[in-house]
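Presented below is the structure to which this report refers.
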Amino acid sequence: MINLTEAKAASESEIKLLKAIALYQFSPEISECLFPPNEKFFIQYSASTGKIRNILDSNYRLFLVLRAQDYLFSLTEISALIVKKCSQKPKFRFVVQNDISQFIRDGRNVFCKFVLDADNNIRAGDEVLVVNEDDELLAIGRARVSGEEVKQYKRGVAVIVKREIKDEY
């Protein structure tokens with residue numbers, strides 16, 4: 001269990017750091033969408049390392065998690081919906097067949113043979129959105145193969161699902 005500090009309002013310099021990480025991990029547009037001006041965020045630090053771990057939105061809901069191993073973001077349902085809204089399909093996405101939507105929503109991993117399209121810029125290990133043909137968000141996961149490779153493979157796992165999305169709101 002990770003010991004976290006109490007949530008405190010993010011300072012201007014902390015927001016600047018978070019924006020820079022989002023810029024590196026995603027794009028300038030996504031960075032601006034995730035951290036719009038005048039929006040209030042709260043931060044929780046790891047009690048043992050003193051590093052930022054959780055970013056909470058103005059309603060104290062978990063917005064993003066800053067991974068300790070690589071200092072990149074893990075998306076939550078809230079932040080994934082923002083990334084989806086601020087980008088065009090297939091950017092940051094693996095697009096799967098509509099008929100397997102429920103399996104993915106049940107937390108099952110995505111296999112290469114069911115992927116119809118993917119962002120060519122996705123690398124193995126990247127945080128990705130899993131959507132169906134109608135661009136409905138089904139899950140958030142970590143890519144096992146690149147966006148280019150998934151189009152050529154017919155076997156194996158494409159995305160390890162970390163968070164399934166029951167209903168898009």
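Where a number appears in this text, it was derived from the coordinates with a stated rule and is not lab data. As the structure is a prediction and not an experimental result, all values here were calculated from the model. Don't worry about glycine lacking a Cβ; one is built from the backbone with ideal geometry, like all the others, and counts go over all protein chains shown.
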Percent of beta bridges antiparallel (DSSP, the chain, rounded to nearest 5): 90 percent
Cβ-placed point charges (K, R +1; D, E -1), dipole of the stretch 50-97 about Cα centre in debye, nearest 20: 160 debye
Lysine pair count for the stretch 6-145 [Cα-Cα under 29 Å; pairs on different chains or 8 or more apart]: 28
Set of aspartates and glutamates near Lys162 by C-alpha distance (under 16 Å), chain-local residues within fewer than 8 positions excluded: Glu77, Asp106, Asp126, Glu127
Charge dipole (debye, nearest 20) of the chain; +1 at Cβ of Lys and Arg, -1 at Cβ of Asp and Glu: 520 debye
Against the rule of thumb 2.2 N^0.38 Å, how large the Cα Rg of the stretch 8-83 comes out: 0.99
For Kirkwood radius over Cα pairs in Å, calculated from these coordinates, the label among [x] 17.1; [y] 15.7; [z] 16.4: [z]
Amide H partners (placed H, <5 Å) of Ala158, local residues excluded: Val110, Phe111, Cys112
J(HN,Hα) series, the stretch 36-45, from Karplus relation 6.51 cos²θ - 1.76 cosθ + 1.60, nearest Hz, glycine and proline x: x, x, 6, 8, 9, 10, 10, 10, 10, 9
Cβ-based charge dipole, the chain, positive-most Cα from Tyr153, Ile140, Ile104: Tyr153
In sequence order, calculated HN-Hα J values of the stretch 18-29 (Karplus, 6.51, -1.76, 1.60; Hz; x Gly/Pro): 4, 5, 5, 5, 5, 4, 5, 6, 10, 5, x, 5
